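Novice: Mind having a look at this structure? Questions to follow.
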Amino acid sequence: MESEELHKIQFETVLVMQGGGSLGAYECGVYKMLERHGIKFDIVAGTSIGAINAGIIAGSKSGQPAKDLEDFWLHIAEYVTPVMLLSDKARSVAAWMFSATYGNARMFAPSWPLVPNSPHLYDLDPLKSTLERYIDFEKLSPRNLPRLIVTATDIQKSDSVVFDSHRQSMTAEHLTACAGFPFYGISWTKVDGRYLWDGSLMSNTPLREVIAESPRNDKRVYIVNLFPKYQDRLPESMVDSLHRARDIMYADKTEHNIKMSKAVKRYQGLLRDMYEFIISNTPLDDAKKKEEFAKIEKRYQRVARERGAIIENVVKIERKEDVPFIFEDTDFSISTIRKLIREGEEDAEQVLAGKN
């Protein structure tokens, strides 16, 4: 007889956020609008700056995650780059030069004095202190929702490393471990004996990791895509080519995960039909048959329990690029941060209005 446990499938609402440096302010705007629409999440997931955003949402110290997230972004913004006299691209260049020279006082600091052949240029100690200001890490526990799932990359093994608040305690080190981006010279973090870099090196949209960590419950998923998937205009320079290549590398690539979840569900339905047919048409008239069937039933129950989820619905909110610039993800100037938050709110509002 089929276990009643298999029918106790609930929906989980999931928010997945990407890495993208200062572009993470766009995710802040998106979340503000999602919260305004009354959407509550069972799981928030992310990597790189998306992991930082997810950590603040899940562990909001004030109990007002949208406010804490926006306060975080306004706190880490830099107020030095001129606003009025520069175009968007010129401001991004100036902000990049400032960050490259001085770092960001509340996120990453230059490693002075620079050691010849050092494996990094900046450390994340300031970010650890900043996170303590906005996150109550006691909330990141199995007792609380939303559940936090974030990813990093094991430098030595080239493996994706998943941190899950329903499976382990979480600290600021777990979050900074997800955000050490080596292409910009940011240091790794050592956690539990492993040396970890940015999770975007393996996957910038960690939906697959969410499914693996919570494989049973069906899901409604919201994905914030910071890197445009489509661009009609061809690159006109080498810099444009590098920029577009970067977009392609880090854009959302979860279509395969979504198709596979639906395929697995179909196969599981076929397996269930076969299982029930066998139950109805096989007389268990001796001890050996009963023993063999008990083994089959146990394996079936495990497969159904461990891989029973389907992604029922996916809502994608994607940032647009009016003025592409290869170092746009290093522009922490206050005007750009506010602009990104506003754009995230507006795009999310449009998507939600269309959805409804």
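Novice: In segment 201-219, how many residues are at pLDDT below 95 and either assigned to a strand (DSSP E or B) or in contact with a Lys or Arg (Cβ under 7 Å, 6 or more places away or on another chain) (or both)?
Specialist: 4
Novice: So which residues in segment 242-290 are free of Cβ contacts under 8 Å to residues at least 24 places away in the same chain and among the hydroxyl-bearing types (Ser, Thr, Tyr), if there are any at all?
Specialist: Answer for segment 242-290, where residues must be free of Cβ contacts under 8 Å to residues at least 24 places away in the same chain and among the hydroxyl-bearing types (Ser, Thr, Tyr): Tyr267, Ser280, Thr282.
Novice: Sticking with this one: How many residues does segment 99-117 contain that are touching a residue at least 60 places away in the same chain (Cβ under 8 Å) and assigned to a helix (DSSP H, G or I)?
Specialist: Number of matching residues: 2.
Novice: Going through Glu27, Glu78 one at a time, which residue ends up being among the charged types (D, E, K, R) and under 25 Å from Arg208 (Cα atoms)?
Specialist: Going through Glu27, Glu78 in turn, the sole match is Glu27.
Novice: Pull up segment 129-160, narrow it to residues that are among the hydroxyl-bearing types (Ser, Thr, Tyr) and not in a loop (DSSP other than H, G, I, E, B), then point me to the one that is nearest to Arg106 (Cα to Cα).
Specialist: It comes out as Thr130.
Novice: Of all residues in segment 225-250, which are surrounded by 15 or more Cβ atoms within 10 Å (Cβ to Cβ) and assigned to a helix (DSSP H, G or I)?
Specialist: Asp240, His243, Arg244, Arg246, Asp247, Tyr250
Novice: Considering segment 35-64 alone, what residues qualify as being part of a helix (DSSP H, G or I) and more than 16 Å from the chain's Cα centre (by Cα)?
Specialist: Selection gives Glu35, Arg36.
Novice: Look through segment 179-200, keep the residues that are assigned to a strand (DSSP E or B) and among the hydroxyl-bearing types (Ser, Thr, Tyr), and return whichever of them is surrounded by the fewest Cβ atoms within 10 Å (Cβ to Cβ).
Specialist: For segment 179-200, the residue satisfying everything is Tyr195.
Novice: Oh, and also: Contact list please: Cβ distance under 7 Å, first residue in segment 310-334 and of a type in the set (Lys, Arg), second residue part of a strand (DSSP E or B), pairs at least six apart or on different chains.
Specialist: Correct list of pairs: Lys316/Ile223; Lys316/Asn225; Arg319/Asn225.
Novice: Only one of Arg342, Arg299 is of a type in the set (Lys, Arg), under 26 Å from Val221 (Cα atoms) and either surrounded by fewer than 18 Cβ atoms within 10 Å (Cβ to Cβ) or without any contact (Cβ under 8 Å) to a residue 40 or more places away in the chain (or both). Can you tell me which?
Specialist: Residue meeting the stated conditions: Arg342.
Novice: Let me confirm something: among Thr130, Thr171, Thr189, which residue is touching a Cys at 6+ places or on another chain (Cβ under 9 Å), farther than 29 Å from Ile310 by Cβ and in contact (Cβ under 8 Å) with a residue 24 or more places away in the chain?
Specialist: On inspection, the qualifying residue turns out to be Thr189.
Novice: Checking the conditions here, which among Ala90, Ala54 is surrounded by fewer than 22 Cβ atoms within 10 Å (Cβ to Cβ) and either modelled with pLDDT of 95 or more or over 16 Å from Pro126 (Cβ atoms) (or both)?
Specialist: Ala90
Novice: Let me ask something additional. Answer yes or no as to whether Ile43 is within 16 Å of Leu145 (Cα to Cα), in contact with a Lys or Arg (Cβ under 8 Å, 6 or more places away or on another chain), at pLDDT 95 or above and not acidic (Asp, Glu).
Specialist: yes
Novice: Residue check: is Thr282 over 30 Å from Leu23 (Cβ atoms), in contact with a Lys or Arg (Cβ under 8 Å, 6 or more places away or on another chain) and modelled with pLDDT under 90?
Specialist: Considered against the rule, which asks whether it is over 30 Å from Leu23 (Cβ atoms), in contact with a Lys or Arg (Cβ under 8 Å, 6 or more places away or on another chain) and modelled with pLDDT under 90, Thr282 comes out as yes.
Novice: Quick check on segment 314-336. Is at least one of its residues buried (at least 19 other Cβ atoms within 10 Å of the Cβ), part of a strand (DSSP E or B) and among the small types (Gly, Ala, Ser)?
Specialist: yes
The values are calculated or read from the model by the stated rules, or taken from the named source; none is laboratory data. For clarity, every value in this text was computed on a predicted model and none was experimentally measured. In this analysis, Cβ positions are derived from the backbone assuming ideal geometry, glycine residues included, and neighbour counts consider all displayed protein chains.
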